[in-house]
Amino acid sequence: MGSFKLGKMTLKSLFTKPSTVLYPFEEKPQPAGIKGHIENDITACTLCGTCSRVCPAGALIVDRKAGTWSIDHFRCVQCKSCVLNCPVPCLTMAPGYQKPAREISRETLQKPAPSPEELAAKEAAKKAKIEAAMKAKAAREAAK
Amino acid sequence: MTVKQTYTDIELAQLLDLAAEKKAAGYRCVNTHCVNTVDGVDIIYTFVVDGADDVYENYRIKNVPHHGHIPSIQGYFPGVFPFENETQDLYGITVDDMLLDFHFNFYSTDVSEPMTVITPEKKAAMEKAAKIAKAKAAKAAKDAKAKADAAKAAAPSATEEKGE
Amino acid sequence: MGKATIIPFGPQHPVLPEPLHLDLVVQDEKVIEAVPQIGFIHRGLEKLTETRDYNQFIYIAERICGICAVGHSLGYAETVEGLMGLEVPKRASYLRVILHEMSRIHSHMLWMGLAADAFGFESLFMHCWRLRERVLDLFEAMTGGRVILSAVRVGGMVRDQDAATLAHVQEVLEGIKDEYHEICRAFLNDSSVRSRLVGVGVIEHDDAVNLGMVGPFARASNVVNDVRCKGAGAYAELSDFTPITSNDCDCYARVEVRAKEILQSIDIIEEMIARIPEGPVFEKPKGSPADGAMACGALEQPRGECYYYAQGNGTKYLERMRMRTPTSMNLAGMAAALKGCDLADVNMIVLTIDPCISCTER
């Protein structure tokens, strides 16, 4: 036959349900590892700034002195460079993209100030380090 | 691992002869592009012949002066007209005797010769690199001098011992 | 002998797939000459190497074009690895070839849908794109993105694929084959489709060689020209590979070559999955490209041979990055194919070179 080669497929689509999904009333199932937005665990973050240096879009700003980490979700291109290069690691990519909005905004996270126990622990660790260094110096002098 | 490749530097006067030779040998011109440098524009032509050794031969013409003239190879390879018009528009080099010439209107950019513009960041990066290179050269010279002095100090004592 | 009229065609036109401008010199419904002009989507992306280092630039290279995204990221990564002398782990190069061949399948299916739309067969267009959705779902499961994958980086891949995912890939591709054969029959044997394609836009073998054409556009005119034979990346490990060519030199031959290439790609993917070695998929690049170092690379993208060139200057920013896309070489061929055709066939011929103007202009 010279024409209507698509007969079988056309007939089948009369009886099967449509291939499209009635979004937004039903959503397609999302696989694991799908791209979305960046989330930061600010308590673990050391504010080293590596993520802001590797970001190709310039979406991340890290201010060490003020203790803030901020991201412009509209600029982010979901490349995951920050997640892959974070040394801690405290950054993850979670599903869900930035929805349209009327204004461009940044999301800023503030690192919480250390509690008194943490401060005391830090002081103790510093003291122990200085003591160990003095001991090692004394041992070197004695060996000479 | 990438494809096999060679690099050769040639003079501007050899370009048309090279194109004629490659055309006669059955090569096709793969690409023509420019690199902007401080001393001028480097233009690189690439030829390959399929099915034989599959080597991408790159020929570079160094330091064509800015706003200079180069001959066109469209007589031998008519397919390179987009690249030669791009050379005109983005780098400001005039290409003579093209078969299809858009007279600087191929891309119609706002800024003429945009690829030759040196932005402030690039300028800062170039100056930093120049400073580092200068410091490295000075250090190397100092090390060489120190080595020569040490060798000289060792040599007279050797001759003294021998002379004894 | 009538007078000649000049009809401007594009960049905005309902049937034109890409922002290309053609000045058609027409006489009595026949096109005598066509002068192409591009430049509507020039973004100056090659100058961005000055402000993005070689690791960040791959995300820009990907976004040059939506359809060729995997190809550009792969070609860029291979060229910079050649520049720095990096050896990529074997498993990573196999995974790259698998993703690239899947990209070829999705690109050719997209093109076949557009070709069907160009001669008015909309239901065939929809069926092609429905099959293409399955490949895009595979991309989403493997890398997280449908079109811009960001799965390749300099030194290897971003993430590894386990055996279950690769088996799923094989299953889906085999499942596509049945319906795909029916679509191919509609393209190649249907009489109304054949009357629009056979004998249209003929470019003889000698003209094709003279104009330096690349890709399926050239292979349909019997020019054997395929970078996959040149052995870059894991393509060198294929047991046998012959490029698909056709001797007919017209639009029908170009449709036939692309239709058969999809089946060839499915075979290549199955071979790669069967032979993929274990191992790491990433090796961190150390240092920067040397001052004055040059490297070039080539890749067989769905549209043809794509040539890359990289030059280093000692810093982490590349001195020059050049991507020469296949459509720029095919523009001369397109202008030659348009000579002497009917005015109604213009958009069909423009479509058969598989134009990707955003790649051409960067």
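If you filter the range B:108-143 down to residues that are facing chain C (nearest Cβ under 8 Å) and in a helix (DSSP H, G or I), you find that the one that is surrounded by the most Cβ atoms within 10 Å (Cβ to Cβ) is B:Met115. The combined condition, being buried (at least 17 other Cβ atoms within 10 Å of the Cβ), out of contact with any Pro (no Cβ under 8 Å at 6 or more places or on another chain) and not in a loop (DSSP other than H, G, I, E, B), is fulfilled by A:Cys51.
Residue-by-condition table, conditions (1) away from chain C (no Cβ under 12 Å); (2) of a type in the set (A, V, I, L, M); (3) under 30 Å from C:His127 (Cα atoms):
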{"residue": "A:Leu6", "(1), (2), (3)": "no, yes, yes"}
{"residue": "A:Met9", "(1), (2), (3)": "no, yes, yes"}
{"residue": "A:Leu22", "(1), (2), (3)": "yes, yes, yes"}
{"residue": "A:Glu26", "(1), (2), (3)": "yes, no, yes"}
{"residue": "A:Asp41", "(1), (2), (3)": "yes, no, no"}
{"residue": "A:Cys45", "(1), (2), (3)": "yes, no, no"}
{"residue": "A:Cys51", "(1), (2), (3)": "yes, no, no"}
{"residue": "A:Val62", "(1), (2), (3)": "yes, yes, no"}
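Count of the range B:19-51 residues, restricted to those that are in contact (Cβ under 8 Å) with a residue 60 or more places away in the chain and surrounded by 23 or more Cβ atoms within 10 Å (Cβ to Cβ), is 2.
Within the range C:198-218, restricting attention to residues that are surrounded by 18 or more Cβ atoms within 10 Å (Cβ to Cβ) and of a type in the set (Gly, Ala, Ser), which residue is nearest to the other protein chains (Cβ to nearest Cβ)? Within the range C:198-218, the match that is nearest to the other protein chains (Cβ to nearest Cβ) is C:Gly212.
Working only within the range C:306-335, note down all residues that are under 15 Å from C:Leu74 (Cα atoms), under 14 Å from the mean Cα position of the chain (by Cα) and more than 7 Å from every other protein chain (Cβ to nearest Cβ).
Step one: list which residues in the range C:306-335 are under 15 Å from C:Leu74 (Cα atoms), which gives C:306-310, C:321-325.
So of that shortlist, the ones also under 14 Å from the mean Cα position of the chain (by Cα) come out as C:306-307, C:323-325.
Residues satisfying the conditions are C:Cys306, C:Met323, C:Thr325.
When A:Ala66 is tested against (1) within 14 Å of another protein chain (Cβ to nearest Cβ); (2) more than 27 Å from C:Asp53 (Cα to Cα), only condition (1) is not met.
Only one of C:Ser239, C:Ser221, C:Ser191, C:Ser246 is under 22 Å from the mean Cα position of the chain (by Cα), among the small types (Gly, Ala, Ser) and surrounded by fewer than 20 Cβ atoms within 10 Å (Cβ to Cβ); which? Quick ask: steps written out before the conclusion?
Details: C:Ser239 fails: under 22 Å from the mean Cα position of the chain (by Cα); C:Ser221 fails: surrounded by fewer than 20 Cβ atoms within 10 Å (Cβ to Cβ); C:Ser191 fails: under 22 Å from the mean Cα position of the chain (by Cα).
Unique residue meeting the criteria: C:Ser246.
Quick one: would you say C:Ala234 is in contact with a helix residue (DSSP H, G or I) (Cβ under 6 Å, 6 or more places away or on another chain), modelled with pLDDT of 85 or more and assigned to a helix (DSSP H, G or I)? Even if it seems obvious, please write down each step before you answer.
Working: in contact with a helix residue (DSSP H, G or I) (Cβ under 6 Å, 6 or more places away or on another chain): yes; modelled with pLDDT of 85 or more: no; assigned to a helix (DSSP H, G or I): yes.
No, not satisfied.
Look at (1) touching a strand residue (DSSP E or B) at 6+ places or on another chain (Cβ under 8 Å); (2) away from every other protein chain (no Cβ under 12 Å); (3) among the β-branched types (Val, Ile, Thr) and you find that C:Thr352 fails only one, number (1). Pairs meeting the criteria (first residue in the range C:169-197 and within 10 Å of chain A (Cβ to nearest Cβ) and free of Cβ contacts under 8 Å to residues at least 60 places away in the same chain, second residue surrounded by fewer than 17 Cβ atoms within 10 Å (Cβ to Cβ) and among the charged types (D, E, K, R), beta carbons under 7 Å, at least 6 apart or on different chains) are C:Glu182/A:Lys8.
The values are calculated or read from the model by the stated rules, or taken from the named source; none is laboratory data. In this text the structure is predicted, and so the values were computed from the model without any measurement. Cβ sites come from the backbone with ideal geometry, for glycine too, and all protein chains shown count toward neighbours.
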